[in-house]
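Notes to accompany the following structure.
The values are calculated or read from the model by the stated rules, or taken from the named source; none is laboratory data. Computed from a prediction, not measured in an experiment: that's the story for all the values here. Counting neighbours? That spans all protein chains shown, and the Cβs are built from the backbone with ideal geometry, glycine included.
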Amino acid sequence: MSVRSELIVAASPPARRTASHASWADRQSVFSWLMMAPPLLFLGALVGYPFCYGILLSLQDRPVAHPGTFVGLKNFAANFNDPIFWRVALNTFVYTGAATLLKMVGGLALALAMNQRFPLKNLVRALLLLPFIVPTVLSTVAWMWILDPAFSVLNWVLVLVGVPKPGPSWLGNPILAMVSIIVINTWRGLPFYGITLLAGLQTVPPELYEAATIDGASGWQRFRYVTLPLLQPIILIVTLFSVIFTFADFQLVYVLTHGGPQNATQLFATYAFDIAMGAGQLGLGASVALTMLPALALLIVALTIYLRRG
Amino acid sequence: MRAISRRGFLELAGVGATTAVIGPLHASAASKSLTVLHESSFIPPFDEYIKTTLAEAYEKETGVKVVYEVTAVGSLPTRISTIAETDTGADITMNGLLQVIQFGEKYLDVTDLCKEIGDKNGGWYDAGREAVLVDGEWKAVPFCNIGQLMNWRTDWFAEVGVKTFPQTWEELYEVGKKLKANDHPFGFELGHGFGDNHGWLYPLLWSYGGAEVASDGKTVVIDSNETARAVDFARKFFRDTMFEDVLGWTDVSNNKAWMAEQISCTNNAESILWFAKKNFPEIAKVTDQAQNPAGPRGRFHLLDSISHSIFNFSPVKEEAVAFMRWLMDPKQLGGWYAVADSYYQPLLHGYDNAPMWQVEPRNIPYRDAMTTAHLPGWPAPASRQMAESVAKYIVVDMFAKACAGASTKDVIKNAELQLKEIYRAV
């Protein structure tokens, strides 16, 4: 802005108002709130409102496209009497627990391996992210073929090593179906753990390892008393994310088994979806989905306390 | 590059957001059009025909643009739910299975239009009425049934001396035992798919005299000797003619197994033959189709109908009614049916001898099956409770658990417990 234009701006009364408005908007406190407002509104509209609306729905008999009737906790009572609901609850805890544990152990091992020096290290690190990058639906379809009895490369190998034809029924047997979805979830989530923990490993000062070595610490002791304590905050964060994502997993099960066989792989998210969208019972579906909340909150609090104490 | 001030940034963001909101609204008001929501067809030329030929012809004739919006298989209930909940979106929608009863209050009463169409086209099948009638009103215009029938390998059946498809479930079982011994097992879906499971399990239950709920739509009657006999049959049918994997099958599985020449008999729509003819002609040559076998109480099929409804909140209701009247005229409708051979079986008697049935005579059983086709839950009238039962796979899992080893008594008791919970408030 030239000197002349500044003078003109300063001389006119409306411009003074604009100038004072400008200085108001430029104040640190005002500006920070103005910048915070869009994400807050976004969160309120896309997370806060649906959450509150979900609670309201769960307290109603609310068939789709019909006005709701307040029924209090009747939907939750109906879930309590529904044998599928208890099966779903058990499935979800087993699925989340097993997959999270496998991802944690496997991810740590992966990070330790990736932290070593070897040829084409950067390329290997980039390739490791593939399972995480590929859209879940796409990778699940690939797994569908891998586990298919007619085309399964897995069964082909097993039959070659002597397992009787046609090999295990990965998606037809209730136990193997659960094992299959746990393995696929682990395969998909492992890179997230691995890369995040690798980033953590690279922040550990080498002097600590040198000092521990001088003090006579073995490899295991260096890992147990140096690496692990320093990685703990990152493990906590990654585990929290993983528990949340795994507990609410939907796509994998919906595409691969749709909760079958006989609800052996039905999870809270898929069951809530079937009831809300398939049966059109929005209230009942919301009550199933909300059941995840206290369980998830308890899990997260317990994990936080445990890891912090450790 | 000129630096932008904080105030300038905020103003720019405000203007941008306002334009983004107002712009499309202004644009959408410019021309008159109606949107038809449809699930993606397994027969691609079917969607192409309406998108291009029919929509263009209608626009030329009336000036009304028809937008044919395709949604993925399985996602239709979600799309209709969103539209019905927000009172905005499409003007006409396709319905599958039990969607007319679920969304009926949001649909226009088209009784008069349906009477007019029926009178002009030889009358409706009873199944057409069953599919769309809600409290005495036609809430949709029936379009077709997508029958679920028996698909069988003529060459492998011939190897065990069978030239025509068995007439009863017991006869089919005897053939299946021999074929499994010959390494040609049957493959009937017992998992959580959308239709191929219900397609044979409800008819099996009915053919033994079993039912979930009585015709009053309230009394749960699943716990009966008839149901027990159907369950016992399903268990031995699975054990002696199939393999474990069918317990986890979804709708795509039997199609894959068929094309891989893994199974000798299944229950599917006509699409299995259509696909084989296009991509596996050698398999198509030895594929035939037949009505479901009969049980002690007769022969039954699943009514897996498609119908079209007009949303009662549509701003172009009259145009939508006019379009449906035009679409259901034989001049348009005949061509649309024909493009998919007979995958979509008309629910109007006027098409009983249409040339489309001569294109592939092996499809004729799909036409004949419509007289014995019913919605899931029959003889009870369609209801929201029935939709919940279907969504929870109660009948499918009753049979599947028995096949996996549970006792007949336990699986029926379990199904009864769930059904009573669903029907508690009725």
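Numerical summary
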item: Some residue of segment B:365-378 being surrounded by fewer than 18 Cβ atoms within 10 Å (Cβ to Cβ), away from chain A (no Cβ under 14 Å), part of a helix (DSSP H, G or I) and modelled with pLDDT of 95 or more; result: yes
item: Test: residue in segment B:279-286 that is surrounded by fewer than 23 Cβ atoms within 10 Å (Cβ to Cβ), at pLDDT 95 or above and not in a helix (DSSP H, G or I); result: yes
item: Enumeration of residues in segment B:410-426 that are free of Cβ contacts under 8 Å to residues at least 60 places away in the same chain and either among the β-branched types (Val, Ile, Thr) or at the interface with chain A (Cβ under 10 Å from one of its Cβ atoms) (or both); result: B:ASN414, B:LEU417, B:GLN418, B:GLU421, B:ILE422, B:ARG424, B:ALA425
item: Criterion (over 17 Å from B:ASP288 (Cα atoms) and surrounded by fewer than 23 Cβ atoms within 10 Å (Cβ to Cβ)) met by exactly one of B:LEU205, B:LEU133; result: B:LEU133
item: Of all residues making up segment B:381-409, the number that are away from chain A (no Cβ under 11 Å) and modelled with pLDDT of 95 or more; result: 4
item: Hey, B:ASP240 surrounded by fewer than 24 Cβ atoms within 10 Å (Cβ to Cβ), out of contact with any Cys (no Cβ under 9 Å at 6 or more places or on another chain) and within 14 Å of chain A (Cβ to nearest Cβ) or not; result: no
item: Test: residue in segment A:125-136 that is touching a Lys or Arg at 6+ places or on another chain (Cβ under 8 Å), within 10 Å of chain B (Cβ to nearest Cβ) and either closer than 30 Å to B:GLU105 by Cα or part of a helix (DSSP H, G or I) (or both); result: no
item: Residues of segment A:152-209 classified as part of a helix (DSSP H, G or I) and either more than 14 Å from chain B (Cβ to nearest Cβ) or among the hydrophobic types (A, V, I, L, M, F, W, C) (or both), total; result: 37
item: Test: residue in segment A:84-104 that is modelled with pLDDT of 95 or more, of a type outside the set (Ser, Thr, Tyr) and in contact with a Gly (Cβ under 6 Å, 6 or more places away or on another chain); result: yes
item: The one condition in (1) buried (at least 18 other Cβ atoms within 10 Å of the Cβ); (2) small (Gly, Ala, Ser); (3) touching a Phe, Trp or Tyr at 6+ places or on another chain (Cβ under 9 Å) that B:GLY334 fails to fulfil; result: (1)
item: Residues of segment B:172-215 satisfying the condition of being within 14 Å of another protein chain (Cβ to nearest Cβ), in contact with a Phe, Trp or Tyr (Cβ under 9 Å, 6 or more places away or on another chain) and under 22 Å from B:GLY74 (Cβ atoms); result: B:GLY187, B:PHE188, B:GLU189, B:LEU190, B:GLY191, B:HIS192, B:GLY193, B:ASP196, B:ASN197, B:HIS198, B:LEU201
item: Identity of the residue in segment A:137-150, buried (at least 16 other Cβ atoms within 10 Å of the Cβ) and not charged (D, E, K, R), that ends up farthest from the other protein chains (Cβ to nearest Cβ); result: A:SER139
item: Which numbered condition A:ALA295 misses (of (1) closer than 23 Å to B:SER253 by Cα; (2) more than 9 Å from chain B (Cβ to nearest Cβ)); result: (1)
item: Scope segment A:210-252; condition in a helix (DSSP H, G or I) and closer than 18 Å to A:VAL94 by Cα; matching residues; result: A:THR239, A:LEU240, A:PHE241, A:SER242, A:VAL243, A:ILE244, A:PHE245, A:THR246, A:PHE247, A:GLN251, A:LEU252
item: Count of segment A:71-98 residues which are on the phi > 0 side of the Ramachandran plot and under 27 Å from the mean Cα position of the chain (by Cα); result: 0
item: Contacts under 6 angstrom Cβ, first residue in segment B:372-388 being over 23 Å from A:ALA276 (Cβ atoms), partner among the charged types (D, E, K, R), 6 or more apart; result: B:THR372/B:ARG299
item: Unique match (being in contact with a Ser or Thr (Cβ under 9 Å, 6 or more places away or on another chain) and farther than 28 Å from A:THR203 by Cα) among A:TRP156, A:TRP143; result: A:TRP143
item: Odd one out for B:VAL395 among (1) closer than 16 Å to B:LEU302 by Cα; (2) in contact with a Pro (Cβ under 9 Å, 6 or more places away or on another chain); (3) assigned by TED's automatic domain parsing to the domain that holds B:GLU56; result: (3)
item: The lone exception for B:LYS65 - which of (1) farther than 24 Å from B:ASP368 by Cα; (2) among the charged types (D, E, K, R); (3) out of contact with any Asp or Glu (no Cβ under 7 Å at 6 or more places or on another chain) it fails; result: (3)
item: Every residue from segment B:136-190 that is of a type in the set (A, V, I, L, M), buried (at least 17 other Cβ atoms within 10 Å of the Cβ) and outside any loop (DSSP other than H, G, I, E, B); result: B:VAL141, B:LEU149, B:MET150, B:LEU172, B:VAL175, B:LEU179
item: Subset of segment B:256-269 [crowded, with 20+ Cβ neighbours inside 10 Å and within 14 Å of chain A (Cβ to nearest Cβ)]; result: B:ALA257, B:TRP258, B:GLN262, B:ILE263, B:SER264, B:THR266
item: Residues of segment B:77-115 classified as more than 14 Å from chain A (Cβ to nearest Cβ), buried (at least 22 other Cβ atoms within 10 Å of the Cβ) and assigned to a helix (DSSP H, G or I), total; result: 1
item: Checking B:LYS51 against (1) among the charged types (D, E, K, R); (2) surrounded by 14 or more Cβ atoms within 10 Å (Cβ to Cβ); (3) touching a residue at least 40 places away in the same chain (Cβ under 8 Å), the condition it does not meet; result: (3)
item: Answer residue from segment A:236-257, given it is touching a Gly at 6+ places or on another chain (Cβ under 7 Å) and within 11 Å of another protein chain (Cβ to nearest Cβ) and is surrounded by the fewest Cβ atoms within 10 Å (Cβ to Cβ) among those; result: A:VAL253
item: Subset of segment A:60-117 [surrounded by fewer than 16 Cβ atoms within 10 Å (Cβ to Cβ), assigned to a loop (DSSP other than H, G, I, E, B) and of a type in the set (A, V, I, L, M, F, W, C)]; result: A:LEU73
item: Flag if B:TRP249 is touching a strand residue (DSSP E or B) at 6+ places or on another chain (Cβ under 8 Å) and aromatic (Phe, Trp, Tyr); result: no
